[in-house]
Amino acid sequence: MRKLKITGAVILLLAGLAMIFNEQIKCGIVEWMTNSSLKQPVRDDDSKGNFDFKKVRAVDNKMVARAAFSKNQDAVGKLAVPGVKVRLPVFKGLDNYNLVRGAGTMKEDERMGAGNYALAGHHMKDGSLLFGPLENVEKGDRIYLADKHHVYVYKTTLKTVVDKHDTNYIDDVQGRKLVTLITCASGMTGESRRVVVQGELICKKPANRKNLKVFDK
């Protein structure tokens, strides 16, 4: 009987520890996946992705676990916002497993350095991960994108909070070369507001070792 009580106490202790550290474990895996993907070379943006917004789900333990063991899709680019310590891989489309390790393109035919290059990302409870830090972006902050050939430098011109149904910010604007970053306004489940950060292209550089340092963690 005494052994059963001890065993039961140990099980309860382990279950309690798992609940306490559950969020830390999830966040640690997300950070590991992000860093691993960021270190990999990018590929040409020539594949088809999933752009069904209705299939995007909030980050939970099951999604993170499955993403960690799923085949890692190659990134099509890199994103950096050094002012708020954002450095992420960019994936084609809005696949849930990709969105727990980086940013996803929101329109099928968008290209870096042309039109309005729109990216979506998650805001987790740990605001230092994924797109969470975007709430601290300020006008004038630099936003960097990179593909296999170039680094594109944008200057932040807009940061606002909008309703989730207000999607006009991802539309192209004639005569302007933009980047638009969109995330939830908080890491709370059911958040209906979105943070929108937008920047305008100011220059394009070759993707050499010197210019790519901005993406290093």
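Residues that are charged (D, E, K, R) and either modelled with pLDDT of 90 or more or open to solvent by 60 Å² or more (accessible area, probe 1.4 Å) (or both): does region 13-36 have at least one?
First pass over region 13-36, keeping only residues charged (D, E, K, R): 23, 26, 31.
Now drop any that are not either modelled with pLDDT of 90 or more or open to solvent by 60 Å² or more (accessible area, probe 1.4 Å) (or both), which leaves 31.
Yes, the conditions are met somewhere in region 13-36.
Only one of 204, 210 is touching a strand residue (DSSP E or B) at 6+ places or on another chain (Cβ under 8 Å) and open to solvent by 60 Å² or more (accessible area, probe 1.4 Å); which?
204
Can you report the number of residues in region 147-159 which are open to solvent by 60 Å² or more (accessible area, probe 1.4 Å) and touching a residue at least 60 places away in the same chain (Cβ under 8 Å)?
Final tally of qualifying residues: 1.
Give me the pairs, please: first residue somewhere in region 52-79 and within 29 Å of residue 213 (Cβ to Cβ), second residue anywhere and open to solvent by 80 Å² or more (accessible area, probe 1.4 Å) and of a type outside the set (Gly, Ala, Ser), beta-carbon distance under 7 Å, and either six or more positions apart or on two chains.
These pairs meet every condition: 74/40; 75/40.
Which numbered condition in (1) open to solvent by less than 20 Å² (accessible area, probe 1.4 Å); (2) touching an Asp or Glu at 6+ places or on another chain (Cβ under 8 Å) is the only one that residue 162 fails?
Failing condition for residue 162: (2).
Testing residue 117 on (1) within 19 Å of residue 198 (Cα to Cα); (2) aromatic (Phe, Trp, Tyr); (3) not in a strand (DSSP E or B), one condition comes back false. Which one is that?
(3)
Say we look at region 91-115 and pick out the residues that are buried (at least 18 other Cβ atoms within 10 Å of the Cβ) and of a type in the set (A, V, I, L, M, F, W, C); which of these is farthest from residue 26 (Cα to Cα)?
For region 91-115, the residue satisfying everything is 112.
Inspect region 65-75 for any residue being touching a Lys or Arg at 6+ places or on another chain (Cβ under 7 Å) and more than 27 Å from residue 137 (Cβ to Cβ) and give the result as yes or no. Reasoning before the result, please.
First, the residues of region 65-75 that are touching a Lys or Arg at 6+ places or on another chain (Cβ under 7 Å): 67, 74.
When the remaining residues are screened for being more than 27 Å from residue 137 (Cβ to Cβ), the result is 74.
There is at least one residue in region 65-75 that is touching a Lys or Arg at 6+ places or on another chain (Cβ under 7 Å) and more than 27 Å from residue 137 (Cβ to Cβ).
For region 179-198, indicate whether the set of residues that are buried (at least 19 other Cβ atoms within 10 Å of the Cβ) and more than 18 Å from the chain's Cα centre (by Cα) is non-empty.
No, there is no match, as no residue in region 179-198 is buried (at least 19 other Cβ atoms within 10 Å of the Cβ) and more than 18 Å from the chain's Cα centre (by Cα).
With (1) open to solvent by less than 60 Å² (accessible area, probe 1.4 Å); (2) under 23 Å from residue 191 (Cα atoms); (3) touching a helix residue (DSSP H, G or I) at 6+ places or on another chain (Cβ under 9 Å) as the list, and residue 87 as the residue in question, which single condition is left unmet?
Answer for residue 87: the failing condition is (2).
The values are calculated or read from the model by the stated rules, or taken from the named source; none is laboratory data. Only a predicted model underlies this, so the values are computations on that prediction, with no experimental measurement involved. Virtual Cβ from ideal backbone geometry, glycine too; neighbours counted across all protein chains shown. What goes into the accessible areas is simple: the full protein's heavy atoms, side chains included, and nothing from ligands, DNA or RNA. Shrake-Rupley method; radii C 1.70, N 1.55, O 1.52, S 1.80 Å.
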